[in-house]
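Undergrad: Here it is: the structure, laid out below.
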Amino acid sequence: MSDDDEASITARPNGPLLVKGSVPLVRKTAVHSEHGEPLTWITSAPVTDAANYALCRCGASAKRPFCDGTHAKVGFDGTETAAAADTAAGTYDGRSKTLGGTGITVRDDRSICVHAGFCGTRVSNVWKEMAGTDESTVRLAVINAVEKCPSGALTYRFDGVEGDTEPDYPTQIGIVDNGPLWVTGGIPVTTADGRDLEVRARVTLCRCGASGNKPLCDGSHKEAGFTEP
C-alpha cells in the first residue's frame, strides 16, 4: 500500500481538512427519547465514495460538509492550538482525570468534550453513577454511555486489563448533525504546520470554525449556533 492509499487527514493553513485514502464519509444522527435524551446513533449510507476530498472547517461553506473555498472570502483564522502528540498536553493520558469505578476505571478529559449528551439522562449521569459501579447493571450503563461518547472524552478500562477498552470502530468520518466531524478507526490527523496529533480510536474535529482547540472540537458549535443546510 502506498502512502497515497493510507487514510489520513491534514489541515490546510486557514483552510479545509484534506482527507485521503478513500475514507468513508457518513452522517451520524443521534436518536433521542421523548425527554430529549440521546439514546444511540444512526449511521447513514456513505455520503461520498471519493478517494480524496476536502471538508469545510470554517463553518461557512455553502456545500457543507465539503469545502467550497469560502474560508478565503471570510478570512477564516484556522490557527491550531491543540497540542502535538509528543507533548504531555497532547495526549489523553496527560490531560484526563480519573473518576474511579469498581471493576472498571473511568477517565475524563473535559477539554475535548463535544456535549453530545450520551453521558447523562434527566435521572442520572456517569459522574453520579461511579459510586454504584460495584453493581453490574450500573457498571454496564456507564460502559454503554462511555462507548457512545464521540470524542473519547470519557474512556474506561477493566480492572486487570492493560489499556482502555474501545469498541471496534470502523475507519470512517462521521458528520454529526450540526456538530463536529467524528473520526474513528485511528486515522492520523496532521495540523497545517506539520504537527501530528495523538492517534486515537475516536476523535472529533471542529467544522464550525469556533473551537478554541482547533483542529479538535471543544463543543463551541452549540454556543455559536452552528447549523448546516
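Bear in mind that the values in this text are calculations on the coordinates, not laboratory data. This is a predicted model, so every value here is computed, not measured. We place every Cβ from the backbone using ideal geometry, glycine too, and count neighbours over all the protein chains shown.
Undergrad: Starting from the eigenvalues of the Cα gyration tensor, five times each then square-rooted, give me the equivalent ellipsoid semi-axes of the chain, largest first, whole Å.
TA: Gyration-tensor ellipsoid for the chain: 30, 19, 17 Å.
Undergrad: By average Cβ neighbour count within 10 Å, what is the ranking of 27-33, 151-157 from highest down?
TA: 151-157, 27-33
Undergrad: How high is the relative contact order of region 91-229? Use alpha-carbon pairs under 8 Å, at least six apart in sequence, and give a whole percent.
TA: 21
Undergrad: Can you tell me which of 175-181, 105-111 comes out highest on packing, and rank the rest after it, using the mean Cβ neighbours within 10 Å?
TA: 175-181, 105-111
Undergrad: Relative contact order for region 88-158 using alpha-carbon pairs under 8 Å, separation at least 6, rounded to a whole percent?
TA: Averaging sequence separation for qualifying contacts and normalising by length gives 37 percent for region 88-158.
Undergrad: Using the structure shown, list the pairs from Lys73/Lys222; Lys73/Lys214; Lys28/Lys97; Lys28/Lys222; Lys128/Lys148 with a Cα-Cα distance above 22 Å, or answer none.
TA: Lys73/Lys222; Lys28/Lys97
Undergrad: Report the equivalent ellipsoid semi-axes for region 88-158 in whole Å, largest first, defined as the square roots of five times the eigenvalues of the gyration tensor built from alpha carbon atoms.
TA: One finds semi-axes of 20, 14, 9 Å for region 88-158.
Undergrad: Sort 192-198, 34-40 by packing, meaning the average of other beta carbons within 10 Å per residue, with the highest value first.
TA: The densest-packed peptide leads the list: 192-198, 34-40.
Undergrad: Could you check the simple spin-label distance between Asp93 and Ala131, using points 7 Å along Cα→Cβ, in nm with one decimal?
TA: Simple spin-label model gives 3.2 nm for this pair.
Undergrad: Given the rule -39500 (n - 2.57) for each run of at least 4 DSSP H residues, summed and divided by the residues of the chain, what is its mean residue ellipticity at 222 nm, to the nearest 500 deg cm²/dmol?
TA: Calculated at 222 nm, the ellipticity per residue is -3000 deg cm²/dmol.
Undergrad: How far is it, in nm, from the label point at Thr43 to the one at Thr102 when both lie 7 Å from their Cα along the line to the Cβ?
TA: Result for the modelled spin labels: 3.5 nm.
Undergrad: Against the longest alpha carbon principal axis of the chain, how many degrees, from 0 to 90 and to the nearest 10, is the axis of helix 136-147 turned?
TA: Roughly 10 degrees, rounded to the nearest 10.
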